[in-house]
Each structure stands twice: as structure tokens, then as C-alpha cells.
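Participant: Below is a structure I'd like to ask you about.
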Amino acid sequence: MAAPLVMVVLAAVTVRAALYRSSLAVFISERVEVASPLNAWKRVVEGLALLDLGVSPYSGAIFHETPLIIYLFHFLTEYAELVFMITDVLTAVALYLAIQDFNKVVFKKQKLLIELDRYAPDVAELIQTPMEMHYIPLKVALFYLLNPYTVMSCVAKSTCAINNSVIAFFILATIKGSAFLSAVFLALATYQSLYPLTLFAPALLYLLQRQFIPIKLKSKSFWLYTMQYASLYLCSLVVIICLSFFLLNSWDFIPSVYGFILSVPDLTPNIGLFWYFFAEMFEHFSLFFVCVFQINVFFYTIPLAIKLKEHPVFFMFVQLAIISIFKSYPTVGDIALYMAFLPVWSHLYRFLRNIFILSCVLIFCSFLFPVLWHLWIYAGSANSNFYYAITLTFNIGQILLISDYFYAFLRREYYLTHGLHLTRQDGTEAMLVLK
Amino acid sequence: GAMAAAELLVLLLVAAGPGPGRADSGRERRDTLREELLLSPLPTGDVAATFQFRTRWDADLQRGAVSHYRLFPKALGRLVAALGVRELHLALTHGFWRTRYWGQPPLQAPAGAELWVWFQPTVTDVDKAWKELSNILSGIFCASLNFIDSTNTVIPTASFKPLGLANGTDHHLLRYAVLPREVVCTENLTPWKKLLPCGSKAGLAVLLKAERLFHSSYHSQAVHIRPVCRDASCLAVSWELRQTLTVVFDFFASGQGKKDWSLFKMFSRTLTDTCPLASQSKVYVDISPKNKEKELLEVSPPPTSVHEAVVQGDRKTYAVYDLLSPSLFNTSRSLNVQLKWKRPQDSSEMPIPTLHAQRYVGGYGLQTGEICTLIYNTHPYRAFPVILLETVPWYLRLYVHTLTIITKGKENKPSYIHYQPAQDRRRPHLLEMLIQLPANSVTKITIQFERALLKWTEYPPDPNHGFYVGSSVLSALVPSVTAMKDVDVEQSPLFTSLFPSSDGSSYFVRLYTEPLLVNLPTPDFSMPYNVICLTCTVVAVCYGSFYNLLTRTFHVEEPSRGGLAKRLANVIRKFRGVPPL
């Protein structure tokens, strides 16, 4: 399996290198869909220039990266392109290894459930075989590396790639079962963009499952393990934040990074829902709706944890998607990360209801974004409503895609336990409804 | 009748007798007023008229309560004392001084309103004092200076050094603000004229009629208050109030295409008498010959004297009309100074000022842009440094790593940069640089910016008009062609003593560039409800889908007995002879 992976990596690196040298690089790095105020490369360079001038990068409203990023790029500015290409490759390799391990876990679990007779007799076609699962890790790496969203994000040198890389390593560490590394990478991801905090729940569930600790609220070992993992996570977070303090000798980065993510003062258009909503919001209700929108990202975690406690990796996928859709400054780089997981659920294809329409919606919207942006900002013949409409459509497309996959997943689980050919009481073929 | 007359007599006696403050005029407070009008014909055929009214008051406004105001206006005096102001400079301008064609201005101001103030070191909360000051001045001058707040106030570190007496210059006591959108009209001129001791009833101020003054290319009225030395030994401090008004009459609009100017043609008034409170009242006409030839300008009536001075590095000759000399109003009751050109001026002789600048916005579209400033040093062999101060509002996000300064094709690194980035909705960008200008060169300074999308309530009533960026300030010590002697403020004309001169080899000049008009992307202002509803719908779609999937489970659908529609359909089918549903 290593050879095809190497070929995929080489192809990806070639595509990126070719784009770096072409005139499209400048065009892509200016696109608001790819670079947001949080992760644009222009702002990183601006922060480093401010540091050179002797002014704190956080004294203005331009720079919203964490001090560790300053530290990283202070020495690597000339090699930025190489750094981002290597980051993408590392993400893909991490996802490859993680899904490889995950497949083994899935297969073991399947075997166990078959032996325990938990599955209905006629579900042979629903069981995943090693043959069909053999190419899934490669497909995942391919989906990530050659996804146009990832390529554009890399060519624009958006630091979203670094965030994706950290999350990929976190997933790898979780699936391999190392609680310490998982906590450290999760702390790094939270430190950079705050929203990965919600990935704590699926990681905890996975690690508990791996340790064969039952997930019952009264169980002492459950609470013990949870406390251990939580304290590892919180300690690493505290250590990283204190390290950032010592880098620049001030706490200025906290309002500049986390205050900025939470209070959304910058209304630069992007593919998310926040910007136009708060551009047109009555001042009186601004604080209320900021709170509502931020809570919206976090509050799906507990219900999903209750429903999907047996399937933590799917839970992680849904949670990643929710973060990418509802975060305050989303970019296509965030979308690319959860889309890389779609091959893992390729066995759900037969239960997806709207996949054709949704893929069309997503593809058309991706093409319409730059067109309507040009019409608004450069040609002046459209106004902001056009771009906003495409934003709405794109987000509806993503939401329906995720809920479609969720529906398919739950339906397959039902079939696995109840049998594929369902009959009603009188023997005729049955319909399955959600009640 | 008799009682009233007696009362009137008593009142008159009391008023005429020695008052409390007038016992010995040598010891206590003394204020003097000098007024002056400078007429300078400009190379393009326009004429500039600069009025200056200087009240000097030998009193200490800061210490001790001053109760008796004579020539110094009480409104400003109490303001200075109450708020701990050390220096105050307020200018209201409409139009732009075209330095390239008109030459160096005696005192330039940027378009709109400009206010800069040095506070005393005793002031503890400078921002609070600044806010109060701008509000009080807004009331006094009927200008919307109350719009000065932290989003357009900056603290320059090198540009606005005190023009009066100063010991120690902690720049945290300085505040500078510009309102480029401010419109100047008669409403601002009237309170300005009211501060003059003679009002607009006598002396040079009778010429200040609004309908002529605002029908001009450039109109700038300013108030400058600063402490000065009382005498050469500088043991005591006096307070000086200068009110200046500069107006440029256009050759085509006001001059009707003819290059003969007169006071009547410019102001539709002539001078009839002097202000009795003024100790000096003079009219200067610039009759300097160009290119060392004989004079080509003829003034009538003949002047009372001729004055030569080195002003802004050039030797200049002035025809002086002293309104206090008795011979002036002998022949006629009114003085109408007339300027006639002896021969047509060659247009190729237009002198180019040593330092001039322009600024413009580059780029296209509503996403990014570039501010370009061009600074010209036309001196043939001397290089000199210039301090550039740029104040850019927060919604044009400057990227200082894109700042490039190119002179003669090579990069020119500034020897001093002070950059304070903006904070959204709180303070603007401040960029101050000291740039060395080589001789005979053009320096191009460019910096890129990004245009922000604002909240819909933050746009002004006409959002597609654009947003103004205030003029940038260039301060320089320009080397002068002719050596200048140190001027004694009391003896020399007012227009030579505006700026303190450090040495004779250079003169101080402060130039302003054009203000910029920049468009920002706008949201649709008619859509707040629609946007809220639509976005909340999208969030609700997600919530609804997930709610369904999380709270409901799959069930096999049990056949229902059929609703009403099904039963009706079965009845019809039975009639048709078709098997039922």
C-alpha cells in the first residue's frame, strides 16, 4: 500500500508546485472563500512585519494568529510554500494511517458482533469485507490531497492547513489509543481555533471503547478515565497558553484570537452564515445573536454523544462537519477535512437519498462563488445579496449532505440488527419510517 | 426727567473715571491688536488674500482668575484656562491649496476641519479634556466638531511640535483630529468674525462678506492660540490669539477672465476706516518682480511705504498701506487697492515650489486598493528630510508590509517609522515616517489596504458617495535660497512670524495632500428582516434534520386503515371495477 500512497503524494505535490509557479497563485490567495481574517497568509506576513517594526502584532485588528504560529513562521517565512506542502502531505499520511487502523477495529468489531449473533441472518450484503475496505485509506488520502478545496487552500498558504494537520494527528493518536498524544494534539487544535473543543467527546468515547470501559454514568471507571483524559487535555492547554504568554510577554493574544473568534467583529464576506447576518443585524440584538450562533456550534455535541456512543468515529465526522459549517470564519480548507472522510462511509451509498442533487448543489455553488463575487465587487452589477444567496445554498447543501449521511448510517444500523428484507405483519414488504 | 439725567450723569462719571484695572497702564494686563491683509497674486492669475488678526495679551491665563476680558475673546480665554490648553489650532477649510501652481502657502490647512491641541502637563485625563474641548468648540464655531472622537483622533509623535513656548514635549499631551467631510459655510464665518475685537464693523474685517468669500477656490479660516515670550528676555508669558483667513479668488469665476484685481472686485467692499482698538492695521501687496526683472505689477493708489523681506526663502517686495497713517484717507473716504499688470505674464515663467506633493488612490474594485503619495523635491542640489503623517480610518485596513518608498528607481528606507495599527471601531491607523528626499527627485510612497464591510448602521446617509480619508501632513524644513534673518515678532509683518524659525538657512513648511474619497462595499440596506429570516431558516434546517435523526427511531410502517382520501378512492374504484388500493 505504500507505493500507491507515494504516487498520490507525488501527484499532489506536483499539482501544488505547478500552481505556486503560475499566475493563479495570487488570484487564489486573494479569494475570500479560501482566506479568512483568521488564517490568511497576508495577515501572517503583516504580523511578522509589525513585530519587526517593534509594534505588538496584537495591537491592531489585522493579526489573529496564535503566538506559536508567529514563532513557527518567524524562521520559516522563506520556505512557506514547502511548509504548507509538507503539512498537506503529513495530514494525508496521518489520515491514511488512522483509517487503516480504524478499518482493523471495524473489522474486529464486526466479527465479534457476528459471533455474538447480534446481526440478523439476511444482512450478508451489508457486512463490510476486507476486499472492499482495502482501498479506503488510499481513497481517503486521495480525497484529501487532490480535493480542489485543499489544493486552493495550500496554494493560498492559508494556516487552515496547519489546523487540519493537527486535527488529523489528533485523530491518528485517538484511533491508535494513545490518550496522552490525543490530548496534546486536541489542545493544540483548540489553542489554534477554539472549536475543536467539541471533539473532546468523540475522542473520549473512542478511548473508553478501546479500553473496554462501559459508558454508564454510574460506573466509577468511566469517571476515572474521563477525569484522566480531561486533566491531560486541560493541562496541555494551560501549558501551551502559558508558553504563548512567555513568547511575547503579554496576554494580548487572548482577546485578539479567542475574543475575535467568539465576538465576530470583522464582517469580511466568507462562505459562512455569520457575516451578512451581523452586517444586517439591529445593534440591540447583536450580542444575543452572537451568543446564539456560537452556542449553535457547541450544543449538538451532547445529543450526538448520546445517540452515537457506539460509533465514535462517525460522531467525530459529524462533529467536524458541524464545526466547518457553523464556525465564525469558515473556509474551504475546513470543508476539505471532513470531506476526506467520505470514502470511509462509502458503504452507506445505497441508503443515501439525495446524493446526486446535493453534489450538484455543492459543485455549482463552488463555481458561482467567484462569479458572483466578481459581479458584486468588481463589476458592480450585482450586490451583496447574490453572494449571500450562494452562501445560503452552499451551507444548506452541506447540512443536507451531513444529515443524509447520518440518516444512511442510522438506517444501515437498523437493517443490521433487524434484517434487510423487512416484512409487515401480513407478509408484504415493509417501509421504514422515522417516527 | 431731572432724576434720569442725574442718574445718567453719575453713570457716565463712573464709567469714565479710573476703573479698577486701569490705574497704571504700565503694570497690569495689556492687550494689543494688530491686523493685516496680504494680497498676493498667484502665477495662474488668481489672487490670494490672507487676513491675520493678532491679539496679544500680557496676562497669565493659566494662573489666577482673569475676570476682565477686553480684546481677547472671553469664550476662548475661559476655554484655555478651564481645560488646561497650552496650544490650540483649529482650521475650517473648503477647497484645496494647489501648491504646484500657486506656490508655497503661508499657512495651509486640510479640507474640512482640523483641530490639534497641546495640553498643559497638569491635565491628568487628556482624552476627557479633548472630548470636552471639541464639544465646546463645536458650539462656539457652529461646526460639527463633536464628531471628533477616538475613531479619528491620533497622537502624532514627530509632526506637530508646539509653535509657541514649550518646556518639555511629551507627545501624550498632543491630540490631532481631522474631519474631512466637514463643510464650511457662512454659519462658521459669523461666530469667527464675532471673536474679533471690532467685529466686522471697522478695520480690515469689513471686507469679510460671506457671499464673496465662499465664491472662491479656497477658503480657510483658522484660530491659533499659543503662549509667547513677552519680551526678548522671555521672563514672562503672554498669550497670543491669531485669527487667520485665507481666500483665493479664481481668475475665471471671480475675475471674469481679466487679470486686474481690486479690493472692490474681490470683496465687493472697500476699506473705509480703521478699527479703533487696533494698534497696527496694514495692507501688504506682493509686488515682487519675477526673474529679477523690473516689476510687472502696478498698484494704485500709491502705497505709504515699500517693505522688503525674505519670506519662505525668497526675497520679496511688498507695497504697504498703513491704514493708521493720516495721509491715506486724505483724498478719498475709502481705500480701494487696485492691482494692474503692466504686461501680460509669460505663462512659462511659473515658478515651481521646492516641495510639493500629491496623493491618490490606486487599484480597482471594492476589495483592495492602494494609497500612493508622490513627493517632489525640486531643489537643484539640496536634499532635505520630510516627515509624513498619514491618518487612515480603521475600515481601510492598511498592510504595512506592503509599504514601499521608491526614489529615482531605488528603494528609500525611512530613518524613522512610527506605525500604530488601527483597532476596529476604536482608533485609526497612524503612520509617521521621516523620509530623506534627494535633490531634484520624485519619491513615490505606496501602501495597500483592504476595504472592510461595515454594519449597516455604520454607513453615512449616502453610502455610495464614499468615505473620506483625511489629508496627510508633510512637515519639512526646506532649505532657502536666500539667508533669512531672525525676525522680531513685534516689528515684522505677521505673515513672517507664523512659524518659529530655527536658523536662517531653512524655513518651516507644512503641506497637506488631497483628501481621498474611497468607496466601500455595501450590504443591501433594505434587507435586515429578510436576512435574519433566511439565515435563521438555514440554521433551523440543520436543527430540524438533526432533531429528527437524534430523537426518532426507525420503525416498520404499519399499514393504516387508510385515511379519508383512500377510502374515497376505494369507493370510486369499486364503481369502476378496479381492485382497491
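Rule-based calculations on the coordinates, nothing more; no lab input. All values reported here derive from a predicted model rather than from experimental measurement. Counting neighbours? That spans all protein chains shown, and the Cβs are built from the backbone with ideal geometry, glycine included.
Participant: Can you confirm whether the range B:305-324 contains a residue that is surrounded by fewer than 13 Cβ atoms within 10 Å (Cβ to Cβ) and more than 26 Å from B:Leu107 (Cβ to Cβ)?
Facilitator: No, because not a single residue in the range B:305-324 is surrounded by fewer than 13 Cβ atoms within 10 Å (Cβ to Cβ) and more than 26 Å from B:Leu107 (Cβ to Cβ).
Participant: Hey, another quick one. Checking the structure you have, find out if any residue of the range B:181-195 is assigned to a helix (DSSP H, G or I) and aromatic (Phe, Trp, Tyr).
Facilitator: Yes; the residues of the range B:181-195 include at least one that is assigned to a helix (DSSP H, G or I) and aromatic (Phe, Trp, Tyr).
Participant: Give the residue that is nearest to B:Cys185 (Cα to Cα), with candidates limited to residues of the range B:125-162 that are β-branched (Val, Ile, Thr) and touching a residue at least 60 places away in the same chain (Cβ under 8 Å).
Facilitator: B:Ile140
Participant: List the residue pairs whose Cβ atoms are under 7 Å apart, where the first residue sits in the range B:165-176 and is surrounded by 15 or more Cβ atoms within 10 Å (Cβ to Cβ), the second is assigned to a helix (DSSP H, G or I), and the two are 6 or more positions apart or on different chains.
Facilitator: B:Leu173/B:Val126; B:Arg175/B:Val126; B:Arg175/B:Trp130
Participant: If you check B:Tyr364, B:Tyr395, B:Tyr381, which single one turns out to be surrounded by fewer than 20 Cβ atoms within 10 Å (Cβ to Cβ), within 14 Å of chain A (Cβ to nearest Cβ) and out of contact with any strand residue (DSSP E or B) (no Cβ under 6 Å at 6 or more places or on another chain)?
Facilitator: B:Tyr364
Participant: Something else now. Within the group A:Phe289, A:Phe317, A:Phe298, A:Phe293, which residue is more than 7 Å from chain B (Cβ to nearest Cβ), surrounded by fewer than 18 Cβ atoms within 10 Å (Cβ to Cβ) and of a type outside the set (A, V, I, L, M)?
Facilitator: On inspection, the qualifying residue turns out to be A:Phe298.
Participant: Report whether or not A:Ser346 is polar (S, T, N, Q) and touching a Lys or Arg at 6+ places or on another chain (Cβ under 8 Å).
Facilitator: Against the criterion (polar (S, T, N, Q) and touching a Lys or Arg at 6+ places or on another chain (Cβ under 8 Å)), A:Ser346 qualifies.
Participant: Can you find even one residue in the range A:71-79 that is over 22 Å from the mean Cα position of the chain (by Cα), more than 8 Å from chain B (Cβ to nearest Cβ), of a type in the set (Asp, Glu) and part of a loop (DSSP other than H, G, I, E, B)?
Facilitator: yes
Participant: Please count how many residues of the range A:52-63 are in contact with a helix residue (DSSP H, G or I) (Cβ under 6 Å, 6 or more places away or on another chain) and either small (Gly, Ala, Ser) or closer than 22 Å to A:Ala156 by Cβ (or both).
Facilitator: 3
Participant: Out of all the residues in the range A:18-59, which are among the polar types (S, T, N, Q) and either crowded, with 19+ Cβ neighbours inside 10 Å or not in a helix (DSSP H, G or I) (or both)?
Facilitator: Those that are among the polar types (S, T, N, Q) and either crowded, with 19+ Cβ neighbours inside 10 Å or not in a helix (DSSP H, G or I) (or both): A:Ser22, A:Ser23, A:Ser36, A:Asn39, A:Ser56.
Participant: Which is surrounded by fewer than 19 Cβ atoms within 10 Å (Cβ to Cβ), part of a loop (DSSP other than H, G, I, E, B) and touching a residue at least 24 places away in the same chain (Cβ under 8 Å), of B:Ser492, B:Ser471?
Facilitator: The unique qualifying residue is B:Ser492.
Participant: Out of (1) in a helix (DSSP H, G or I); (2) aromatic (Phe, Trp, Tyr); (3) buried (at least 19 other Cβ atoms within 10 Å of the Cβ), the odd one out for A:Phe364 is which?
Facilitator: The one condition A:Phe364 does not meet is (3).
Participant: Given the structure, is B:Ile225 touching a strand residue (DSSP E or B) at 6+ places or on another chain (Cβ under 6 Å), crowded, with 22+ Cβ neighbours inside 10 Å and within 30 Å of B:Phe267 (Cβ to Cβ)?
Facilitator: yes
Participant: Can I ask one more? Condition first: more than 9 Å from chain B (Cβ to nearest Cβ) and under 16 Å from B:Thr522 (Cβ atoms). Now tell me which residues in the range A:380-398 satisfy that.
Facilitator: Matches in the range A:380-398: A:Ser381, A:Ala382, A:Phe386, A:Tyr387.
Participant: Continuing with the same structure: Within the range B:477-492, is there a residue that is within 30 Å of B:Pro521 (Cα to Cα) and in contact with a Lys or Arg (Cβ under 6 Å, 6 or more places away or on another chain)?
Facilitator: No: the range B:477-492 contains no residue that is within 30 Å of B:Pro521 (Cα to Cα) and in contact with a Lys or Arg (Cβ under 6 Å, 6 or more places away or on another chain).
Participant: Do we have B:Arg212 as surrounded by fewer than 20 Cβ atoms within 10 Å (Cβ to Cβ) and in contact (Cβ under 8 Å) with a residue 60 or more places away in the chain here?
Facilitator: Here the answer is no, as B:Arg212 does not meet what is asked.
Participant: Return yes when B:Asn570 is surrounded by fewer than 16 Cβ atoms within 10 Å (Cβ to Cβ), facing chain A (nearest Cβ under 8 Å) and part of a helix (DSSP H, G or I) and no when it is not.
Facilitator: No: the conditions fail for B:Asn570.
Participant: Take the residues in the range A:237-257 that are surrounded by 16 or more Cβ atoms within 10 Å (Cβ to Cβ) and not hydrophobic (A, V, I, L, M, F, W, C), then tell me which one is farthest from A:Asn383 (Cα to Cα).
Facilitator: Out of the qualifying residues, it is A:Ser244.
Participant: From B:Asp524, B:Asp503, which residue is without any contact (Cβ under 8 Å) to a residue 60 or more places away in the chain, surrounded by 16 or more Cβ atoms within 10 Å (Cβ to Cβ) and part of a loop (DSSP other than H, G, I, E, B)?
Facilitator: Only one candidate passes the filter, namely B:Asp524.
Participant: Out of the range B:501-537, which residues are of a type in the set (Asp, Glu) and more than 8 Å from every other protein chain (Cβ to nearest Cβ)?
Facilitator: B:Asp503, B:Glu514
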